[in-house]
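All remarks here apply to the structure that follows.
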Amino acid sequence: MNTYTGGCQCGAIRFRARGTPPDSSICHCRMCQKAFGAYYAPLVSVRGMEFEWTRGQRKTFRSSNFVNRGFCGDCGTPLTYEAPDGTALAIGAFDHPEELAPTLQWGVEGKLPYVDDLASLPGYASESDPESAEFLRTMVSYQHPDHDTDQWPPQPGEAAKRARAGEENQ
Ligand SMILES: [Zn+2]
Ligand SMILES: [Zn+2]
């Protein structure tokens, strides 16, 4: 059985889904744009799957009489779309979103006029800009890693210990 894990950016909330996702989609409706602060919402249904929250509890906002939107109360990462017929999870919140390619679109009447042209915009890797390269070189990420952790954030001593172990391995 396939296992999919994920969580919010800060790591306060983690989840696990087991089984086969019934569908994976993007929704262009205005409610999803707002809830995700984005052009559209990438969502995978976990209906019929074994699903559990493995760390923390999401907060919810009741966006309509039918739907609750779940998110991390600490860092704000959008996490769920919870409707009477089932729950869907934000694809970008998964540890491996590349495994959850969308297969259909909803709410196309709300599609923003430039969305279809996004793929044809000029694109650059972060390192191609010298300023971003320096930014990336000196950046320390506080984002939860893309896998389950026994403890998060790491204990102050732990990070130093790991850094030393890393140096010794080099
Ligand atoms: Zn969080
Ligand atoms: Zn929507």
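Annotation: CYS75 fulfils all but one of (1) touching a residue at least 60 places away in the same chain (Cβ under 8 Å); (2) part of a loop (DSSP other than H, G, I, E, B); (3) touching a strand residue (DSSP E or B) at 6+ places or on another chain (Cβ under 9 Å); the unmet one is (3).
A single member of ALA125, ALA119, ALA101, ALA83 is touching a Ser or Thr at 6+ places or on another chain (Cβ under 8 Å) and not aromatic (Phe, Trp, Tyr), and it is ALA101.
Could you tell me whether region 20-38 includes any residue that is in a loop (DSSP other than H, G, I, E, B) and more than 26 Å from GLY110 (Cα to Cα)? Spell out how you get there, then give the answer.
In the first step, residues of region 20-38 are kept if they are in a loop (DSSP other than H, G, I, E, B); the result is 20-23, 28-29, 37-38.
So of that shortlist, the ones also more than 26 Å from GLY110 (Cα to Cα) come out as 20.
Yes: region 20-38 contains one or more residues that are in a loop (DSSP other than H, G, I, E, B) and more than 26 Å from GLY110 (Cα to Cα).
Of the set (1) modelled with pLDDT under 95; (2) touching a Ser or Thr at 6+ places or on another chain (Cβ under 6 Å), all apply to PRO153 but (2).
One line per residue, one yes/no per condition, for (1) of a type in the set (Lys, Arg); (2) under 18 Å from PRO97 (Cβ atoms); (3) more than 16 Å from ligand 1 (Cβ to nearest atom):
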| site | (1), (2), (3) |
| --- | --- |
| CYS8 | no, yes, no |
| PRO21 | no, yes, yes |
| ARG62 | yes, no, yes |
| ASP74 | no, no, no |
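Being free of Cβ contacts under 8 Å to residues at least 60 places away in the same chain, part of a helix (DSSP H, G or I) and of a type in the set (A, V, I, L, M) is the filter here; which residues of region 96-131 pass it? The one that is free of Cβ contacts under 8 Å to residues at least 60 places away in the same chain, part of a helix (DSSP H, G or I) and of a type in the set (A, V, I, L, M): ALA119.
The values are calculated or read from the model by the stated rules, or taken from the named source; none is laboratory data. Predicted model only: the values in this text are computed from it and were never measured. Because the Cβ atoms are built from the backbone with ideal geometry, glycine has one as well, and the counts that use them run over all protein chains shown.
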